[in-house]
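Structure record follows, encoded as structure tokens.
Each value in this text was obtained by applying a stated rule to the coordinates, not by laboratory testing. Treat the numbers as computed from the prediction; the structure is a model and nothing was measured. Here the Cβ positions follow ideal geometry from the backbone for every residue, glycine too, while neighbour counts run over all protein chains shown.
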Ligand code: C2G
């Protein structure tokens, strides 16, 4: 059984999130998703997510392609998370390309291309524009 692990904030859940999770699930038999905590998202992106942590976890865990979820507290704990969840494959979006290569000692590391022309930031901006 091949166990896949991936990470993300998954705020304002959109088609780019669906695509990466379906592709990650296709790489193995079991998919675990580390959903970034509100505080980690603030540290990564400089703003709190629109949807709070419990809601983002509930959305991601409700997907048929996702077997397990947990809260990702820090980018620096990847090695511990890989070991804890016995991951054979770590999947990341290619905006993180190269960043987690040192985990190749522990498991396979695959960067998947992002879906073009959709992002949480663009959705927030377009709602703001429409309200103005
Ligand atoms: N994504 C995508 N295409 C988009 C937008 C997002 O493929 N248009 C992917 C990202 O590459 C990532 C996942 O969707 O794999 C979640 O994206 P974010 O919520 O932006 O999360 P991110 O900041 O990449 O979190 O440990 C690392 C992080 O927590 C990764």
For this session: Among the numbered conditions (1) within 28 Å of residue 2 (Cβ to Cβ); (2) assigned to a helix (DSSP H, G or I), tell me where residue 122 comes up short.
Result: (1)
Problem set entry | Options 91, 50, 35: the member that is surrounded by fewer than 18 Cβ atoms within 10 Å (Cβ to Cβ) and not in a helix (DSSP H, G or I) | 50
Seminar exercise, completed: Residues of region 4-25 being more than 14 Å from residue 115 (Cβ to Cβ) and without any contact (Cβ under 8 Å) to a residue 60 or more places away in the chain, in sequence order, are 25
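Condition check ((1) in contact (Cβ under 8 Å) with a residue 60 or more places away in the chain; (2) more than 12 Å from the chain's Cα centre (by Cα)) across all residues:
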{"residue": "27", "(1), (2)": "yes, yes"}
{"residue": "30", "(1), (2)": "no, yes"}
{"residue": "37", "(1), (2)": "no, no"}
{"residue": "54", "(1), (2)": "no, yes"}
{"residue": "64", "(1), (2)": "no, yes"}
{"residue": "73", "(1), (2)": "no, yes"}
{"residue": "77", "(1), (2)": "no, yes"}
{"residue": "82", "(1), (2)": "yes, yes"}
{"residue": "87", "(1), (2)": "yes, yes"}
Exercise. Out of region 6-32, which residues are more than 10 Å from the ligand (Cβ to nearest atom) and buried (at least 18 other Cβ atoms within 10 Å of the Cβ)?
Worked result: 25, 28, 31, 32
